[in-house]
Amino acid sequence: MNGLLDYGGLDRDEGGLGAIVLLHGLMGRGRTWSRQIPWLRRYGRVFTFDAAYHQGRFDDSRPPAPEDIATERFVADVGEVITWIDRGPAVLVGHSMGGLHAWCAAAEFPELVSAIVVEDMAPDFRGRTTGDWAPWFDSWPERFAGLDEAVAMFGDVAGRYFYEAFDDGRLHGSIPVWAAIAEEWGTRDFWAQWEAVDVPALLVEAEHSVTPPGQMADMAVRGGQARYPQSAYLRVPGAGHLVHDDRPGVYRGAVEAFLSGLAG
């Protein structure tokens, strides 16, 4: 199912938190979490999967219907994955797009989600567009010859992230489809879904964030998650959008403290 992978870890009957499902960001893939999986296995049974349209090259000559790339579709997929795993409510750990899907799943399927981690994602990008990305996308080669070429284009952190997601250097999806997924975020907001979240939440924001200023701090005081003592908000100095790889020690410390609080 969707490239679902089970990495093992401390299951619920062994004192763990049950399933921990890692949700990647736009243009990412489940395997980009490889550096976080080993230490997360100490807290629960870790799973990854590839979101729709992030599962390998496909024929994009006929664009997907709007409902096929709407946030609700991806959230339904998250619910299906948790149900398939069948280990009770899951902890969802999401980066960027995956963070949005995590809190929307917690709102839509409260019986399936026990806690969430949201990394560098906010509810309201209205008015923003992906139009400015087009020249950058057009500069990408058909295939990256190796990690070094990806690092030269994207930098050390993002270059490794993208190259890990690619299939032997080739895109694992369609740039126009990915852009269309992001375009939806510029037409609506997700505050209602956030305010419906009623589980503990950790919010991790990059100093050099892609989110509108102040929104993640505002999230920390709005909604049912704010009443849980385990909930927390952290802005990470010097970090870029990929906080978990850019400042891995800080990210790990925050997530481990949060998960330990849930276990306690």
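General remarks:
- Residue 187 exposes around 110 Å² of accessible area when a 1.4 Å probe is run over every protein chain in place.
- With the convex hull drawn over the C-alpha atoms of the chain, the volume per residue is 120 Å³.
- Among the protein heavy atoms of the chain, carbon and sulfur supply 52% of the accessible surface, probe 1.4 Å, non-protein parts ignored.
- Max mean-square fluctuation residue, GNM over the chain, Cα-Cα springs under 10 Å, options 102, 145, 232: 145
- The distance separating the Cα centre of segment 115-144 from that of segment 1-55 comes to 23 Å.
- Cα-based shape type of segment 175-239, given that a ≥ b ≥ c are square roots of the gyration tensor eigenvalues and the cut on a/c is 1.5: oblate
- Shape of segment 20-116 from the C-alpha gyration tensor: oblate (a/c of 1.5 or more and a/b not above b/c, with a ≥ b ≥ c the square roots of its eigenvalues).
- Mean accessible surface per residue for the chain, computed with a 1.4 Å probe while every protein chain stays in place, in Å²: 42 Å²
- To the nearest ten degrees, helix 156-165 and the longest principal axis of the Cα atoms of the chain are 90 degrees apart.
- For the chain, built as a Gaussian network whose Cα springs stay under 10 Å, the top-fluctuating residue of 219, 97, 153: 153
- Angle of helix 248-263 to the longest C-alpha principal axis of the chain, folded into 0 to 90 degrees and rounded to 10: 30°.
- The chain, helix-only ellipticity at 222 nm - DSSP H runs n ≥ 4, -39,500 (n - 2.57), divided by all residues, nearest 500: -10000 deg cm²/dmol
- In the complete set of protein chains, residue-level accessible area for residue 39 is approximately 20 Å², probe 1.4 angstrom.
The values are calculated or read from the model by the stated rules, or taken from the named source; none is laboratory data. The shown structure was predicted, so the numbers you read here are calculated from the model rather than taken from an experiment. For the accessible areas, the whole protein counts, side chains as well, though only heavy atoms, and no ligand, DNA or RNA atoms are used. Shrake-Rupley method; radii C 1.70, N 1.55, O 1.52, S 1.80 Å.
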